[in-house]
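Report on the structure given below.
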Amino acid sequence: MAYIDVFNGDADGICALTQLHLAHPRDAKLVTGVKRDIELLEQVTAAAGDTVTVLDVSLDKNRAALIKVLEAGADVFYVDHHFAGEIPQSPRLKAHINEAPDVCTSLLVNGELQNRYLAWAVVGAYGDNLKKSAETVARPLNLTPAQLGQLEELGTYLNYNGYGERIEDLHFSPDALFRLVSRHESPFGFINEAREHFDKLADGYKTDMGKAESMKPIAGSTDDAALLVLPDEPWARRVSGVYSNDLVNLFPDRAHAVLTEKAGGGYLISVRAPLNRKKGADELCRKFPTGGGRAAAAGINHLPDDQLGAFTQAFTAQFARS
């Protein structure tokens, strides 16, 4: 019998698994990757009696591998908020899927655990740019505005660390960052007692965001939908998602697509629906190969150069206000 924990390498995945490990400590094999590496169940070889936990990766993108794991006799606990499609029926599968735009996996796990590690759920929600949800669920903690600000910063930095085309782009590999984070019952423990690691994330974020803020919308952008292009550089790959979040917070009525040039050609794309109209991002991205996500935030792992015009047209049409 073995425990296998499969999780997205962003803030939401890390904070969701941190809550579960604090509630149910276990020696588990960790399967994760950069934020865009979501077909993680393909890496899992399970057997009868194994327990596989899957957090914050689309069931739709992992359905075949999930069925294989279930047929091998493993029990699966699957929690997610991305588009799922048809959910396999099995007595060995416990699935908690909620695609609502104002929830994330950390909040769903918090519900399962009845607020035992609520502060970590708040960090995960902030990391997924769900500020209102984070502040709402945080009320029982009676935190000061300064303390809430610290949790928001941590969520942002953990999320920032997950972006990149490869592990080498990141400041910390997601499995290593999870091990550092999950030692602490409270996020404030990590912030105060692991200051070296917190400061490394903070300094990297601030440096990379400073470079990104000089970017301007490109041709094809409209008042309702702006496209920006970042260069083929590690800093740009690291900042693509959090920069998208920053833009949509600054311009809540406008959708944003941040395209990062790839070394071999094509683009990595982060799409954010307008903050005041949280829908359509996943629908848009699923029109293109390697695209997926959720209603408010989605992406495309590789858009060929010759599809840029088609993407620009589809993006502006998707978010045009009638």
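Charge tally around His82: other residues with Cβ under 13 Å, Lys/Arg +1 each, Asp/Glu -1 each, net -4. For the stretch 46-60, the Karplus equation 6.51 cos²θ - 1.76 cosθ + 1.60, evaluated at θ = phi - 60°, returns couplings of 10, 9, 4, x, 6, 10, 10, 9, 10, 10, 6, 10, 4, 5, 4 Hz by residue, with Gly and Pro reported as x. Counting charges near Pro91 (Lys, Arg +1; Asp, Glu -1) among other residues having Cβ under 13 Å from its Cβ returns a value of 0.
Which of the lysines could a cross-linker bridge to Lys200, judged by Cα under 18 Å and excluding same-chain residues fewer than eight apart? Within the straight-line limit of under 18 Å, Lys200 reaches these lysines: Lys211. Measuring max minus min along each principal axis, the C-alpha atoms of the stretch 231-305 give extents of 36, 25, 15 Å (largest first). The reciprocal of the average 1/r between distinct C-alpha atoms defines the Kirkwood hydrodynamic radius, which for the stretch 82-149 equals 13.1 Å. Neighbours of Asp224, meaning other residues whose beta-carbon lies under 14 angstrom from its beta-carbon, give a summed charge of +3 when Lys and Arg score +1 and Asp and Glu score -1. Each label was represented as a point 7 Å from its Cα along the Cα-to-Cβ direction; for Ala317 and Asp102 these points are 3.2 nm apart.
In this structure, the amide hydrogen of Ala95, modeled 1.01 Å from its nitrogen in the peptide plane, lies closer than 5 angstrom to those of Tyr78, counting only residues at least 5 positions away or on a different chain. Annotation: peptides 12-18, 53-59, ranked by per-residue average of other Cβ atoms within 10 Å with the highest first, follow the order 12-18, 53-59. Here is the list for the stretch 204-288: trypsin sites (Lys or Arg not before Pro) lying in DSSP coil, each with at most 14 other C-beta atoms within 10 angstrom of its C-beta, are Lys279, Lys287. Is any residue of the stretch 189-218 close enough, with backbone N under 20 Å, to a label point placed 7 angstrom from the Cα of Asn249 along the Cα-Cβ axis, and if so, which? 191-192, 198-217, by backbone N distance to the label point.
In the chain, carbon and sulfur make up what percent of the accessible area (probe 1.4 Å)? Walk me through the numbers on the way to the answer.
Working: 6450 of 13380 Å².
Exposed carbon and sulfur together represent 48 percent of the surface.
Given that just one value was derived from the coordinates, which of (1) 0.95; (2) 1.12; (3) 1.03 is Cα Rg over 2.2 N^0.38 Å? Calculated Cα Rg over 2.2 N^0.38 Å: the matching label is (1). Remark: the chain carries 42 Å² of accessible area per residue (probe radius 1.4 Å; ligands, DNA and RNA excluded).
The values are calculated or read from the model by the stated rules, or taken from the named source; none is laboratory data. Please read these numbers as outputs of a predicted model, since none were measured by experiment. All Cβ positions, glycine included, derive from the backbone under ideal geometry; neighbour counts span all protein chains shown. Heavy atoms of the whole protein, side chains included, go into the accessibility calculation; ligands, DNA and RNA do not. Shrake-Rupley method; radii C 1.70, N 1.55, O 1.52, S 1.80 Å.
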